[in-house]
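First the structure, in the form of structure tokens, and then the observations on it.
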Amino acid sequence: MTDKLTIIRPDDWHLHLRDGDMLTGILPETTRDFGRAIIMPNLVPPVVTAKDAAAYRDRIAAATPTGSNFKPLMTLYLTDNSDPNDIAAAYNDGLISAVKLYPAGATTNSESGVTSIQQVMPILEKMAEIGCPMCVHGEVTDADVDIFDREAVFIDTILDPLRRALPELKIISEHITTKDGVDYVASADKNLAATITTHHLIINRNHLLVGGIKPHYYCLPIAKRELHRLALRAAATSGDPRYFLGTDSAPHTDPNKESACGCAGVFSATNTLSCLAHVFEQENALDKLEQFASLSGPAYYGLPTNTDTVTLTKESTPVDVPNRIETAAGPVTVFDPGFPLYWRVS
Ligand code: DOR
Ligand code: ZN
């Protein structure tokens, strides 16, 4: 039985760091284990221009623990009125690694998102031309589409038509949660990959709703039924380079989660690698963990892999994971996988 595993240092290809006291409080949870992360731009106000991204990058650098080599990979938040020249300059200067498309209203702080693909087509064409990847929150927002169907409907009505219209646009289907998402990525011949979160490999909608509502399992896209979780696990552990880790670790303070109208987001930065090792071991695929967490992401983004390693050791007794991280913005509950974790990261 493998009880020690050394892999190239992982990256997180989808991460929310927030700002101010929250940023300072939770950033060490990511920098401890990860080399780089794609930083989501859904601040209030959002990171829309190159100038916004440079300033946010500097705030992240200032909050990065001394001695850490963590590199934030910045993104811009696409709006109907984004300036294609500003985006192109930011990408060509190496300031940003991708642009994020949120359908307006799809999730936390997405009010300024895109109202229709037609509206931003000239910008997407420019991105395709210069090779700038698009990260997309793939859910429709129509009030009459059931929340559990929003990803599948997005694929059929928005993503597939967009890919046919603009096959050269390099797309990352963020945090896929369905078998439909897995199958759609598998069917693509080029320019499509997907991130998968830690929590969607572990919870289904029963975890969220059975025996009382569990606000700390509420996230968007919402966890789906078991068959979808199993499809995600098969994809993540397959070694197929089109599926890679994006934790979508998204901190909200406990009062904002444990509320009559709780925020969407699971905070998993602290224990993600231990959780993943557990999942990959359950699937007899520990040998595929490095591909998922450390190799496939940089390959798709056209970046080198990290040069150092992390070692995961399986302990005989459960490792200590804090229940919550205390920040100056308030307490943030850490994802509870629902089982003890034995894999320790060093
Ligand atoms: O659960 C989520 N939380 N999903 C998102 O898409 C946004 C994120 C957040 O920013 O809190
Ligand atoms: Zn997210």
Query raised in the report: From the residues G265, G239, S294, which one has its Cα farthest along the dipole of the stretch 182-296 in the positive direction, the dipole being from +1 and -1 charges on Cβ of Lys/Arg and Asp/Glu about the Cα centre?
Result: G265
Query raised in the report: Can you give the accessible area per residue of the chain, in Å², using a 1.4 Å probe?
Result: 40
Query - CD proxy at 222 nm, helix term only [per DSSP H run n ≥ 4: -39500 (n - 2.57); per residue of the chain; nearest 500] - result: -8500 deg cm²/dmol
Report task. Could you work out how far the C-alpha centroid of the stretch 1-59 sits from that of the stretch 277-294, in angstrom? Result -> 22
Query raised in the report: Can you list the trypsin sites (Lys or Arg not before Pro) in the stretch 74-166 that are in a DSSP coil and have 13 or fewer other beta carbons within 10 angstrom?
Result: none
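Rounded to the nearest 20 Debye, what is the dipole magnitude of the chain about its Cα centre when Lys and Arg each give +1 and Asp and Glu each give -1 at the C-beta? Don't skip to the end; give the middle numbers.
Details: 29 positive and 43 negative charges, 106 e Å.
Computed charge dipole of the chain: roughly 500 debye.
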Query raised in the report: What are the extents of the Cα atoms of the chain along their three principal axes, listed from largest to smallest and rounded to whole Å?
Result: 56, 43, 42
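Probe radius 1.4 Å, ligands and nucleic acids ignored: give me the carbon and sulfur share of the accessible area of the stretch 4-345 as a rounded percent.
Working: 6700 of 13390 Å².
Reported share for carbon and sulfur atoms: 50 percent.
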**Report entry** Projected label distance in nm at D80 and D93, using a 7 Å step from Cα toward the beta-carbon
**Finding:** 2.8
Query - Choice from T197, T79, T157 showing the highest fluctuation, given a GNM over the chain with Cα pairs closer than 10 Å - result: T157
Report summary line: antiparallel share of DSSP beta bridges within the chain, to nearest 5, in %, is 30
Report summary line: For the chain, the longest principal axis of the Cα atoms and the Cα long axis of helix 20-31 enclose an angle in degrees, to the nearest 10, of 60
**Report entry** Protection proxy ranking, peptides 168-175, 3-10, average beta carbon neighbours within 10 Å, highest first
**Finding:** 168-175, 3-10
Report task. Would you mind pulling out the separation of the Cα centroids of the stretch 233-251 and the stretch 147-192, in Å? Result -> 15
Query raised in the report: Around L192, what is the net charge, scoring Lys/Arg as +1 and Asp/Glu as -1 over all other residues with Cβ under 15 Å from its Cβ?
Result: -4
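Grab the Cα-Cα distance for E168 and D58, subtract it from 0.36 nm times how many residues apart they are, and report the gain in nm with one decimal. Kindly include the intermediate steps, with their values, before the conclusion.
Numbers: separation 110, 0.36 × 110 = 39.60 nm, distance 3.18 nm.
Value of the extension gain: 36.4 nm.
The values are calculated or read from the model by the stated rules, or taken from the named source; none is laboratory data. Worth saying up front: this structure is predicted, and the values here are computed from it rather than measured. Quick reminder, even Gly has a Cβ in these numbers, built from the backbone with ideal geometry, and neighbours come from all protein chains shown. The protein model used for the area step is the full one, side chains on, heavy atoms only, and it has no ligands, DNA or RNA in it. Shrake-Rupley method; radii C 1.70, N 1.55, O 1.52, S 1.80 Å.
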